[in-house]
Structures are given as C-alpha cells and as structure tokens.
Amino acid sequence: MARVVIAGGGLGALRTAESLRANGFTGPITVIGDEGSLPYNRPPLSKEALLDGVHPDSLEFRRKPSVDDVDWRTGSAITHSDLAARTITLSDGETVAFDGLVIATGIRPRRLSIPGPHRGRFVLRTVTDAVALREHIAPDVNTVILGAGFIGCEVAATARTMGANVTIVAADSEPMLRPLGSQMGTAMRRRHEAHGVHFHLGRVIDAFKGDDCVRGVMLDDGTEFPADLVLEAVGSIPNVEWLDGNGLDLGDGILVDSAMQVDFPSAPIVAVGDIARHPNALFGDVPRRIEHWNMPTETGRRAGQTLAALLCDDDVDRGPFTAMPAFWSDQYGYRLQSFGLPGIATSHRTVDGDPDGPCIVEYHDGDGLVGVLGIDRTQDLLPYRKAIMDRENRARTTASEIG
C-alpha cells in the first residue's frame, strides 16, 4: 500500500492530510515536523498570545477524525532528500521512504548579518520564539523592531500595550509599504505614533552596541539609541535547503503547477503553503509565493486532491487554481482586513471613509480590481471579494474572444 510522507508539520500539512483522506487515500500518512508541537495557529503569536501569555495547547488546530490514524513525528528535522530514490533523511541519520511526498516545510525568519552581540536579538515565527520574546517585553523596556511589515507593526502595538518603549527601524519609507501602498502606510504610521511608537524610516542598523548582550543600536546615519531587546522582522526565507541536488526550481520556494504538483517525473510530489510558488488564475499566470494565513488551507486542499489521484492512477484536475488570498491584522483597536493581492497593484484609491479612520481602499492593476483593504470595515468587504473573483471569468471571456 502506498505511503505518503508530509515534510513539515504546520497547517498546510494538516490540511493536506485531511484532503488526502477526503479524496479517498487510505494508505499510511506520516507527518514529519521539526517543531515539537502539533499544527497550531501562528497569527496570535504577535498579538493576543504575546499579550496574554503563550499557551501552546490553546493554539492547536482541531483535527478531523479522518486523520486520527496519521503518524505525527514532531521534533524531527529533515536535512536531505533523494527524490529519485523516494527517500528523505532526518537529522539523526534515519532514512524515511515514501511513495508520495508533500513538501510543507514552510519558511523561517530572515536573520541579518549585523556586527555586535547576539544575545538580546529575537525573531518571531514559532511558539518557542513567542515564549522567549514575551519573557523580555515589560513596561519601560527599550524595544527596537527591525522591519516595519505586519509582524513588526503587530509586535510594536502589542509591546506598547504592555508598556514597553518601542522604536521601529526600517529601510522602507513607510510601514507596511509593499502590501498597503504609501497612502495607507503613512496613515498606519500616524496611528502608531499616536500610541507612542518612534520611527526611523529609510534607515538600517549598522551595528548592535554592547558586550555580551545588546544594549543599543547604531544606525547607518550615526544615530544611536538604547535597546534592551531587538526583534528582527525583516522577511522570511523558504526552507528548501533539504531539497538541494534534485534538479528542482528552488529560486523562490518551490515551483508548482495549478494542481500544486512539482515537476519531477520520477515521483509524485506536491507542495503547499508558504513554500509553494504557484500560479493563481485570478492574478495572471505568474507563479507567486503568497504568505497569507489562508493559503496553507487552500493549497493543502488542492494538493491532497492531486496526490490522491496520482497515487490511484486517476486523472488529476489541472484546471485553474483560483483561491482568494486574504489576511487580517490587529493593531491596537484597529482591524485591517484584505482580499486579493494589493501588493501587485499599480494604483490605489480610498473609495469610502478616511485613511485616518474607518475606510475602504481599492487596489487596481491593468485588468481592474486586484485587491481591497478595509480598516474597521470588515462587513463591507464581501462585495469586493466577489468582484475580484470575477477576474477569472473576465479573463476567460477575453481569451475566448481572442481565440
């Protein structure tokens, strides 16, 4: 009987296992993850879990009864693979064979090579990271955040709520610039400044000051200020090193087709979640990695369907993949919510409300509406979601007329 190995133990792994069962695969499934936890919800780590206390059990996703027989091997890192031989190797030297493979090893925080001590520098991706960070955030603690993306800004809001002194350093001209654009980035900066956050934008850290622990930072313009802890939130790196040597396209994550299948003729392999660079028919044929909270679920469902068909010699659905990217971010009392891909827009405009208050912002490319952002307007975004979904129908109509 065919055996599936799922490399990675996060939400994408869970949803793929559930999809395999839902699509008729009855063989053994082994999930191998390097964290010591079963799949859990990561977004609260920068918000309520960091504020109220990190309780891993409360963050675990509920698992469907259909995956009760799945073998969960937590705390096991994968170091190498020989995909032609259909084997992977673990850090303890054990070799695990598979008939079908799911690549779900996700991403890790990017670490910068900056001179100075390492103690006092933190990242935030896992429960362990959140526990370590929370032990150090306290009233009047000088907290420096390197990076002004969603993680950096969410932690800034949480740390200010906990009474810490917060400074954000970022190379961008405004916070959350790429996903939100300059207008909304500026508006969100004003919100943070109103809560006491200090910004050094268009700047980078040249050095960390201190002997055995970070005590301060020096910027590229010579500015220095104290730091009791530093959070590095400057993007992520796909965990693909264990796949080296197999001839795969690993330029940015791993390339897959619309069925989430990896182009590797010697074995049935799919990839899911943050590591998968896939096309989405709603936004053209350019494959992209999309690190939004719902994509591990959407890609996992499709990948499980694909792998179940491959292992049963059934036809694979290679129709367009049209999952709607979505994200939300809670900062202070504000709720930001988005559908689509605002970050690929060529223009944007506020269509309702004011950027400094509740509002709706539309994002457009050459084919029309490509994304929408609402601040404290969650219930008003559903019509925009439908309008973005209609992009596929318009694209098909245009292609038919051209043909």
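Would a scan of region 201-213 turn up a residue that is buried (at least 16 other Cβ atoms within 10 Å of the Cβ) and touching a Phe, Trp or Tyr at 6+ places or on another chain (Cβ under 9 Å)?
Checking region 201-213: not a single residue is buried (at least 16 other Cβ atoms within 10 Å of the Cβ) and touching a Phe, Trp or Tyr at 6+ places or on another chain (Cβ under 9 Å).
Considering only region 1-51, state which residues are part of a helix (DSSP H, G or I) and of a type in the set (D, E, K, R).
Matches in region 1-51: Arg15, Glu18, Arg21, Glu48.
Residues in region 24-32: is at least one loosely packed, with under 13 Cβ neighbours inside 10 Å, assigned by TED's automatic domain parsing to the domain that holds His278, farther than 30 Å from Val204 by Cα and touching a residue at least 40 places away in the same chain (Cβ under 8 Å)?
yes
Please indicate, with yes or no, whether at least one residue in region 203-219 is farther than 23 Å from Leu133 by Cα and either in contact with a Ser or Thr (Cβ under 9 Å, 6 or more places away or on another chain) or assigned by TED's automatic domain parsing to the domain that holds Ser19 (or both).
Looking through region 203-219, at least one residue is farther than 23 Å from Leu133 by Cα and either in contact with a Ser or Thr (Cβ under 9 Å, 6 or more places away or on another chain) or assigned by TED's automatic domain parsing to the domain that holds Ser19 (or both).
Among residues belonging to region 95-127 that are β-branched (Val, Ile, Thr) and more than 15 Å from Gly253 (Cβ to Cβ), point out the one that is nearest to the chain's Cα centre (by Cα).
Filtering first and then ranking leaves Thr126.
Does Gly357 satisfy being within 30 Å of Ala148 (Cβ to Cβ), out of contact with any strand residue (DSSP E or B) (no Cβ under 7 Å at 6 or more places or on another chain), modelled with pLDDT of 95 or more and exposed (fewer than 14 other Cβ atoms within 10 Å of the Cβ)?
yes
Can you list the strands (runs of 3 or more DSSP E) found entirely within region 295-353 that contain at least 2 residues being farther than 16 Å from Tyr384 by Cα?
Passing ranges, in order: 326-331, 334-340.
Among the residues of region 262-282, write down those that are in contact with an Asp or Glu (Cβ under 8 Å, 6 or more places away or on another chain) and either modelled with pLDDT under 95 or farther than 16 Å from Val4 by Cα (or both).
Asp263, Asp274, Arg277, His278, Pro279, Ala281, Leu282, listed by residue number.
Residue-by-condition table, conditions (1) within 23 Å of Gly357 (Cα to Cα); (2) assigned to a loop (DSSP other than H, G, I, E, B); (3) within 22 Å of the chain's Cα centre (by Cα); (4) free of Cβ contacts under 8 Å to residues at least 24 places away in the same chain:
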residue	(1), (2), (3), (4)
Thr158	yes, no, yes, no
Ala187	yes, no, no, no
Arg190	yes, no, no, no
Phe208	no, no, no, no
Val234	no, yes, yes, no
Gly247	no, yes, no, yes
Ser258	no, yes, yes, no
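Tell me the residue from Ala77, Ala85 that is of a type in the set (Gly, Ala, Ser) and either without any contact (Cβ under 8 Å) to a residue 24 or more places away in the chain or crowded, with 17+ Cβ neighbours inside 10 Å (or both), please.
None of the other options fit; the residue is Ala85.
Can we say Arg119 is outside the structural domain of Ile29 (by TED's automatic domain parsing), surrounded by 15 or more Cβ atoms within 10 Å (Cβ to Cβ) and not in a strand (DSSP E or B)?
Taking the combined requirement at face value, the residue does not satisfy it.
Could you grab me the full set of residues in region 370-380 that are surrounded by fewer than 18 Cβ atoms within 10 Å (Cβ to Cβ) and either closer than 21 Å to Ala281 by Cα or in contact (Cβ under 8 Å) with a residue 40 or more places away in the chain (or both)?
Asp376, Thr378
Could you tell me whether Leu38 is in contact with a helix residue (DSSP H, G or I) (Cβ under 6 Å, 6 or more places away or on another chain) and either in the same structural domain as Ile103 (by TED's automatic domain parsing) or farther than 18 Å from Gly300 by Cβ (or both)?
no
Within region 13-50, restricting attention to residues that are within 24 Å of Asp92 (Cβ to Cβ) and of a type in the set (Gly, Ala, Ser), which residue is nearest to the chain's Cα centre (by Cα)?
Out of the qualifying residues, it is Ala13.
Is there a residue in region 173-181 that is surrounded by fewer than 19 Cβ atoms within 10 Å (Cβ to Cβ), out of contact with any Phe, Trp or Tyr (no Cβ under 6 Å at 6 or more places or on another chain), modelled with pLDDT of 95 or more and in a loop (DSSP other than H, G, I, E, B)?
Yes: one or more hits.
Can you pull out every residue in region 307-335 that is buried (at least 21 other Cβ atoms within 10 Å of the Cβ), among the small types (Gly, Ala, Ser) and more than 28 Å from Leu50 (Cα to Cα)?
Ala308
Go through the residues of region 336-346 one by one and say whether even a single one is among the aliphatic types (A, V, I, L, M), more than 21 Å from Asn280 (Cβ to Cβ) and surrounded by 22 or more Cβ atoms within 10 Å (Cβ to Cβ).
Checked region 336-346: at least one residue is among the aliphatic types (A, V, I, L, M), more than 21 Å from Asn280 (Cβ to Cβ) and surrounded by 22 or more Cβ atoms within 10 Å (Cβ to Cβ).
The values are calculated or read from the model by the stated rules, or taken from the named source; none is laboratory data. Everything numeric here is computed off the predicted structure, so don't read it as measured data. Cβ sites come from the backbone with ideal geometry, for glycine too, and all protein chains shown count toward neighbours.
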